[in-house]
Amino acid sequence: NYQHLQSIASGKKIIAMVKANAYGHGILEVTRALPNADAFAVARLKDAILLRKNGIAQTILLLTGVFLEQDFILAAENEIDIVVHDIEHLQRMRSLPGSAKLNIWLKIDTGMHRLGFAVDVIPEILKEFATLPCVRQVKLMSHFASSENLSSQSNLQQIELFDKFTGLEKSFANSAALVNFPELQSQWARIGLLLYGVCLTQEIADKAKEFVPVMSLSAPII
């Protein structure tokens with residue numbers, strides 16, 4: 001499945017989603033099976049540290065970010081990239097020592113309305129990042145609300161909003177968006193369900209016929 005993703009990603013780097021114990025497939029088993037993955041994404045700091053302790057050297061992205069000062073420092077010590085999506089994140093970062101160097105993925109809410117900063121405040125946040133000694137590198141990310149639905153007008157609206165931001169590496173495409181919008185101008189794709197051979201709709205299944213389910217479940221009849 002990963003090889004098929006590479007073939008349709010048009011040069012994009014792939015972040016393999018291994019949150020929730022790799023969707024139940026086993027976080028260590030999956031990461032070890034993907035030595036060529038560009039990055040892995042998790043939801044919990046302890047999962048990111050587990051991967052580091054088990055020799056995973058690729059970029060590890062912590063999707064929820066962290067809220068405690070000691071966890072920011074722990075992320076920096078373990079070379080874990082963190083998503084910043086909340087004003088409380090910024091407040092904590094302002095007091096971090098300059099020795100805690102962090103790679104930041106700034107999340108922009110372009111229409112999903114789950115996590116992320118409003119579009120109009122992003123320029124000011126980027127200006128502040130440039131002054132914070134703890135910030136080493138910044139990338140931008142957003143999330144589609146309906147990428148599996150080609151008829152949804154929100155997709156084009158979100159793409160238009162996100163395209164306004166230039167000059168930084170960006171991540172936008174999830175599994176469905178990679179299939180439905182291969183022309184997306186972003187350097188990183190975040191792939192979850194499709195990596196494991198799961199298609200949300202029949203339309204996506206028709207386009208992604210090469211993908212196969214990674215897990216099967218069987219039991220004896222008694």
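The values are calculated or read from the model by the stated rules, or taken from the named source; none is laboratory data. Bear in mind that the values here come from a model prediction, so they are computed numbers and not experimental data. Positions of Cβ are generated from backbone atoms using ideal geometry, with glycine treated the same way; all protein chains shown enter the neighbour counts. Accessible surface is based on the protein model in full, side chains and every heavy atom, while ligands, DNA and RNA are left aside. Shrake-Rupley method; radii C 1.70, N 1.55, O 1.52, S 1.80 Å.
Test of understanding: among Ile8, Ile49, Ile73, Ile82, which residue is open to solvent by 30 Å² or more (accessible area, probe 1.4 Å) and either small (Gly, Ala, Ser) or over 19 Å from Leu193 (Cβ atoms) (or both)? Spell out how you get there, then give the answer.
Details: Ile8 fails: either small (Gly, Ala, Ser) or over 19 Å from Leu193 (Cβ atoms) (or both); Ile49 fails: open to solvent by 30 Å² or more (accessible area, probe 1.4 Å); Ile82 fails: open to solvent by 30 Å² or more (accessible area, probe 1.4 Å).
Matching residue, one of Ile8, Ile49, Ile73, Ile82: Ile73.
Part of a strand (DSSP E or B) and either open to solvent by less than 80 Å² (accessible area, probe 1.4 Å) or free of Cβ contacts under 8 Å to residues at least 24 places away in the same chain (or both): is that true of Leu140 in this structure?
When the stated conditions are applied, Leu140 passes them.
Residues are listed down the side, and each one gets a yes or a no for (1) of a type in the set (Gly, Ala, Ser); (2) under 17 Å from the mean Cα position of the chain (by Cα):
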| residue | (1), (2) |
| --- | --- |
| Gln3 | no, no |
| Ala16 | yes, yes |
| Asn21 | no, yes |
| Phe67 | no, no |
| Phe72 | no, no |
| Glu79 | no, yes |
| Val83 | no, yes |
Inset, instruction - Test Leu126 against the stated conditions and say whether it is surrounded by fewer than 21 Cβ atoms within 10 Å (Cβ to Cβ) and either free of Cβ contacts under 8 Å to residues at least 24 places away in the same chain or aliphatic (A, V, I, L, M) (or both). - result: yes
Legend entry - Residue, most open to solvent (accessible area, probe 1.4 Å), within region 143-171, restricted to residues that are in contact with a Leu (Cβ under 6 Å, 6 or more places away or on another chain) and either closer than 26 Å to Arg94 by Cα or modelled with pLDDT of 95 or more (or both): Leu168
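Take region 27-40 and flag every residue that is modelled with pLDDT of 95 or more and either among the hydrophobic types (A, V, I, L, M, F, W, C) or open to solvent by 10 Å² or more (accessible area, probe 1.4 Å) (or both).
Going through region 27-40, the residues modelled with pLDDT of 95 or more turn out to be 27-35, 37-40.
Ile27, Leu28, Glu29, Val30, Arg32, Ala33, Leu34, Pro35, Ala37, Asp38, Ala39, Phe40 - these are the residues of region 27-40 that are modelled with pLDDT of 95 or more and either among the hydrophobic types (A, V, I, L, M, F, W, C) or open to solvent by 10 Å² or more (accessible area, probe 1.4 Å) (or both).
So is Val18 open to solvent by less than 20 Å² (accessible area, probe 1.4 Å) and either touching a Cys at 6+ places or on another chain (Cβ under 7 Å) or more than 30 Å from Asp120 (Cα to Cα) (or both) or not?
Details: open to solvent by less than 20 Å² (accessible area, probe 1.4 Å): yes; either touching a Cys at 6+ places or on another chain (Cβ under 7 Å) or more than 30 Å from Asp120 (Cα to Cα) (or both): yes.
The answer is yes for Val18.
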Legend entry - Top-ranked residue of region 85-99 - restricted to ones that are closer than 15 Å to Ala75 by Cα and surrounded by 18 or more Cβ atoms within 10 Å (Cβ to Cβ), ranked as farthest from the chain's Cα centre (by Cα): Leu96
